[in-house]
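Student: Shown below is the structure under consideration.
Read the figures in this text as sums done on the coordinates, not as results from a lab. Since this is a predicted model, take the numbers as computed values, not measurements. Here the Cβ positions follow ideal geometry from the backbone for every residue, glycine too, while neighbour counts run over all protein chains shown.
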Amino acid sequence: MTQFDVAIIGGGINGAGIARDAAGRGLRVLLVEQSDLASGTSSASTKLIHGGLRYLEHGWFRLVREALFEREVLLRMAPHLVRPARFVLPHEPGMRPAWLLRLGLFIYDHLGGRKILPATHTIDLSQHELGRPLKGRYHYGFSYSDCQVDDSRLVVLNALDAAERGAVVRTRTRCVKVERSQAWSVVLEKHGRRTFVSARVLINAAGPWAGVFNETVVQQSMPQPLRLVQGSHIVVRRLFAHEDGYIFQAADGRVVFALPFEQDFTLIGTTDRNFTGDPASVAPTSDEISYLCGIVNDHFRTAITAPDVIWSFAGVRALYGDASARPLAAKPQATRPQDTPRDYVLALDEATGMAPLLTVYGGKITTFRVLAEAALKKLGAWLGGAAPWTSNSHLPGGDFAVGSVEEFVKKTCVTWPFLDDSHARRLVRSYGTRMPRILGSAKCTDDLGPRFGANLTGAEVRYLMAHEWAQTAEDVLWRRSKLGLLLSRGEQDRLGSFMVGEIGKVQPSESSGGAP
């Protein structure tokens, strides 16, 4: 008998989502990540839960419809992490005609069973406050709904829920060798120590490392080519005071978002360029930064240059390379990176008498849950036919009503009156109903331990180390939060030293959340 039913390689949104779904069906699950959870593509998104408005003109209606349905599923599943947002699409003279934009938004409103999010409406940008940050050539535009999300926390909470349902989650662990027979023998390595496990099914959800894993560990070529596409983002000081985002039509046919981000900043992205090399070394190029600054300068009254960029990041999307083999492909061959479909493809290798290998291509943050359902359905002959269960579930901390965040923040400030509004709001947005596990019986800020800046306390850091696999300052500041935008270098160093000192004191668990 094998130790696990499913061994999943890759701790991004796809791997964590599959692990959660499988564990909730009673399967014995192992999730292996070579670095920190969400340390690759899944923390480098545009932080949106959306249908993908621009995908309509490519004819990817099934993908858009599926993603639109998922917006409200995820909003109900994690109302602390996923929040409704409005986006302004200005009509750009000389580009897509207004009738086409209206038609696209009409389809967008009606294609995906929208019940919670408000519908599109037209706005007079020459009179409305939403037009004030923009250049004077915009006379009207459209306001429509999607959602924003903390992408890396979404990954972590899927892994946490998987662990609490019995999955074993091993971070900073490499799968260095596999042997295939009627089951998989898997060799794992961490800190130079090797362990051996067995599994009935192996899932390659390694994202941009999927090809390397197949070729060097599984020692076989990918079922189909993998196309790697780099997307980069920049963050600058806030360009506008309100909470709506903007979506702009660029002269090269792309669309670029400018979004309110972490209260004091604006997030701008993304780019699309072919990528070669090691995905671990991906970084925005100077050309990409200049491009995104140029988009801002073309549309906003406030101009920016590269020195105004406070933070930039890039990720590598691992897309299915053979566009001609996909029913979604609107064109026989997708030559430009932005024309390669973002849909997921699940390639099953089921050699007779051998344990199956499932390789995951593509996928979006928005569709991770249905991808997980599809993966387990594809593996039903080996894993059994337990019913899907996640559509009406909650992620850890998300068991409260959509739209009640403000009420939750007020109650938090009453229960712990030493918290200011911004601190309470950040904790509610990050931890939801699990926030008391951090604050406990504290009567004052000093009861929460050391303060590292930007209301980050020792109590929160200890919680993240014990339950959310955080091991370094980077894990805390850039993936469990975005407080790296606010802490000075000295404060970050002090946090790192504190975490090193806590390693022997915090006792995490593989199966209930925490680093092995």
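Student: Would you mind checking the pairs K47/K482; K177/K364; K364/K482 and listing those with alpha carbons more than 24 angstrom apart?
Tutor: Over 24 Å Cα-Cα: K177/K364.
Student: Further question: When the C-alpha atoms of the stretch 119-190 are aligned to their principal axes, what extent does each axis show, in angstrom, from largest down?
Tutor: 67, 25, 25
Student: Quick one, which of [x] 22.9, 75; [y] 22.7, 70; [z] 23.9, 79 is the actual Rg and Dmax of the Cα atoms in Å calculated for this model?
Tutor: It is the one labelled [y].
Student: Arrange M1, M77, M354 by Cβ neighbour counts within 10 Å, fewest through most, would you?
Tutor: M1, M354, M77
Student: Can you tally the net charge around R237? Count Lys and Arg as +1, Asp and Glu as -1, for every other residue whose Cβ sits under 13 Å from the Cβ of R237.
Tutor: Around R237, the charge tally is -2.
Student: Here's a follow-up. How high is the relative contact order of the stretch 405-502, in percent, counting Cα pairs under 8 Å that sit 6 or more residues apart?
Tutor: This gives 20 percent for the stretch 405-502.
Student: Separate question: Could you work out how much longer the chain between S497 and E407 gets when fully extended? Use 0.36 nm per residue separation minus the Cα distance between them, nm to one decimal.
Tutor: The span from S497 to E407 would gain 28.8 nm if fully extended.
Student: Please arrange V29, V169, V414 by how many other C-beta atoms lie within 10 Å of their C-beta, fewest to most.
Tutor: The most exposed by this proxy come first: V414, V29, V169.
Student: Taking every eigenvalue of the Cα gyration tensor of the stretch 405-502, multiplying by 5 and rooting it, what semi-axes result, largest first, whole Å?
Tutor: Semi-axes, largest first: 22, 13, 13 Å.
Student: How far, in nm, would the chain grow between E474 and D421 when pulled straight, counting 0.36 nm per residue and subtracting the alpha carbon separation?
Tutor: Extra length available between E474 and D421 comes to 16.6 nm.
Student: Given the -39500 (n - 2.57) contribution per DSSP H run of 4+ residues, what per-residue ellipticity at 222 nm results for the chain, rounded to the nearest 500 deg cm²/dmol?
Tutor: Per the formula, -8000 deg cm²/dmol.
Student: Tell me, in nm to one decimal, what length is gained between A351 and V212 on full extension, where the rule is 0.36 nm per residue of separation less the Cα-Cα distance?
Tutor: Contour length minus the Cα-Cα distance gives 48.0 nm.
Student: Using the basic label-point model (7 angstrom from Cα toward the beta carbon), what is the D278 to L103 distance in nanometres?
Tutor: Computed distance between label sites D278 and L103 equals 4.9 nm.
Student: Now for a separate question. Any idea what Rg and Dmax come out to for the stretch 334-439 if you just take the C-alpha atoms, in Å?
Tutor: Looking at the stretch 334-439, its Cα Rg and Dmax stand at 21.0, 64 Å.
Student: 7 Å from Cα along Cα→Cβ at both H242 and Q224: what's the point-to-point distance in nm?
Tutor: Calculated label separation equals 4.2 nm.
Student: Next question, about the same structure. What order, most packed first, do the peptides 145-154, 42-51 have when packing is the mean number of other Cβ atoms within 10 Å of each residue?
Tutor: Per-residue mean Cβ counts within 10 Å order the peptides as 42-51, 145-154.
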